[in-house]
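The values are calculated or read from the model by the stated rules, or taken from the named source; none is laboratory data. Since the structure is predicted, the reported quantities are computational estimates derived from the model, not experimental observations. For neighbour counting, all protein chains shown are included, and Cβ atoms are generated from backbone atoms with ideal geometry for every residue, glycine included.
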Amino acid sequence: MKNIEEYDDLLWSYLDNSLSSKEKKELETKLSENKALSLRLEEFKSLTNFTKKNILATPSERFTQIVMSKIDDLGFQPKKSHWLLVITVIMTVIGCSFYISQYDTTMQLNLPSYELPLLESYLPSEGLNFTKNINLDIVSKVLLYSVTFLGLLLFDRAILKPYFKSRRLAS
């Protein structure tokens, strides 16, 4: 005997009344002999009844027109975004600051030395030699980054804040 699942197509055809009279009689005899097959047919019948009762809701024919008219009523207009320009400027400033900081920017200072015997008696034996004690490369990089940071801060306060404030008030 065939597996019950192999009769599924035949059972669906039986429910659709698309079987010939001979096939219909053969299936009815098999249904009377096989309890599992008749339970499968009842399962398919309940499925068919369920789908007939629970029809999905379909939108009206003018649904798209109604939605589009409501969008038009809102007066939506796309706004040009300046984000690409803002991001490009920021990335350029940051990139240039890193690029410039790669160069050796130390300065050779030839400071004049003065003889101050009274002062030298109170100072350590090394004396005050700023060119030996301070790394000017680090100082120049710190100044470069701080000027870059102040430039970005100025950009934020002077340009971005009024821009976003006007956008908020326009909404």
**Request:** Kindly indicate whether any position in region 97-119 is surrounded by 10 or more Cβ atoms within 10 Å (Cβ to Cβ), at pLDDT 70 or above and under 30 Å from Y163 (Cα atoms).
**Result:** yes
**Prompt:** Can you tell me which residue in region 1-35 is nearest to N49 (Cα to Cα), limited to those that are of a type outside the set (S, T, Y) and not in a helix (DSSP H, G or I)?
**Reply:** D16
**Request:** Please go through region 146-171 and pick out each residue that is surrounded by 10 or more Cβ atoms within 10 Å (Cβ to Cβ) and outside any helix (DSSP H, G or I).
**Result:** none
**Message:** Tell me the residue from T88, T51 that is under 30 Å from L160 (Cβ atoms), among the β-branched types (V, I, T), part of a helix (DSSP H, G or I) and modelled with pLDDT of 80 or more, please.
**Reply:** T88
